[in-house]
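Trainee: Let me give you the structure first, and then I'll get to my questions.
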Amino acid sequence: MYYVSSNIVKPLTQPYQLSFAELVGPTKIQWFVSHYWGMPLRHFSDAIRKHASSYESHWQDTAYWICTFSNSQWHVKDELGNGKWQDSSFYLALKSPDCKGTTMIIDDHVLPLQRIWCLFEVYQTILLSQNGSDGFQGLLLCTSAGVLQQGNAGTDVAVAVAKTVAELDTENAKASD
């Protein structure tokens, strides 16, 4: 996503200083996507496709909130809420009444659980799940092989997730911003 943002999204949106979604025409969010920008793009796109095809009959019509495309890369400070997490686009997207849940794109190293923004998203997802929001499906762990909760991600990934969660250290979680 670092490459996609700087070499595709920013050049396309530069004349308008908008988000990519605003440029091409936004749709209502159905799924919030939590992910690590350093993950290979092929893994990311395969995981999204597997998730979409497992939950929707017309997977091409499924709408995902992906920060790279949904946030204006020209106004990142504003998107982060100018220091107030409650005003961040991440929090507001998760709280959207149309959001069905969070799809976390994970790899064999479970790198999103080592990123502070991803942990923030997991925490907010847990809170929404506990509050009993209608139709909110909580956190779904997705890989290029499929959705872990559906048994389509492999035992090696399940073990890596369990190990990472058992050793979770929020104090040492990383963030670019």
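The values are calculated or read from the model by the stated rules, or taken from the named source; none is laboratory data. Everything quoted here is computed from the prediction, not taken from an experiment. Note that each Cβ is placed from the backbone with ideal geometry, even for glycine, and that neighbours are counted across all protein chains shown. The area values use the complete protein model at the heavy-atom level, side chains included, leaving out ligands, DNA and RNA. Shrake-Rupley method; radii C 1.70, N 1.55, O 1.52, S 1.80 Å.
Trainee: log10 I(q)/I(0), Debye, Cα-only the stretch 24-109, no solvent, q = 0.16, 0.18, 0.21, 0.24 Å⁻¹?
Mentor: So the normalised log intensities are -0.68, -0.85, -1.10, -1.31.
Trainee: Given the peptides 74-86, 37-49, arrange them by the average over their residues of other C-beta atoms within 10 Å, most packed first.
Mentor: Packing order, densest peptide first, comes out as 37-49, 74-86.
Trainee: What does the accessible area per residue of the stretch 1-134 come to in Å², with a 1.4 Å probe and no ligands, DNA or RNA counted?
Mentor: Computed with neighbouring chains in place, this is 53 Å² per residue.
Trainee: Rule-of-thumb check for the stretch 1-72: C-alpha Rg over 2.2 N^0.38 Å?
Mentor: Expressed relative to 2.2 N^0.38 Å, the Cα Rg reads 1.13.
Trainee: Bin all alpha-carbon pair distances of the chain at 5 Å intervals from 0 and give each bin's fraction as a whole percent.
Mentor: For the chain, the pair-distance distribution reads 1, 8, 16, 21, 23, 17, 9, 4, 1, 0.
Trainee: Then there's this: Given Cβ point charges of +1 (Lys, Arg) and -1 (Asp, Glu) and nothing else, what value in debye, to the nearest 20, does the dipole of the chain about its Cα centre take?
Mentor: Value, rounded to 20: 180 debye.
Trainee: Something else about it: Translational diffusion coefficient of the stretch 71-161 at 4 °C, 1.567 mPa s, Stokes-Einstein with Kirkwood Rh over Cα pairs, in µm²/s as a whole number.
Mentor: The estimated diffusion coefficient comes to 91 µm²/s.
Trainee: For the chain, with all protein chains present and a 1.4 Å probe, just round the carbon and sulfur fraction of the accessible area to a whole percent.
Mentor: Carbon and sulfur atoms account for 53 percent of the accessible area of the chain.
Trainee: In terms of solvent-accessible area of protein heavy atoms at a 1.4 angstrom probe, what is the ranking of Ile105, Ile116, highest value first?
Mentor: Ile116, Ile105
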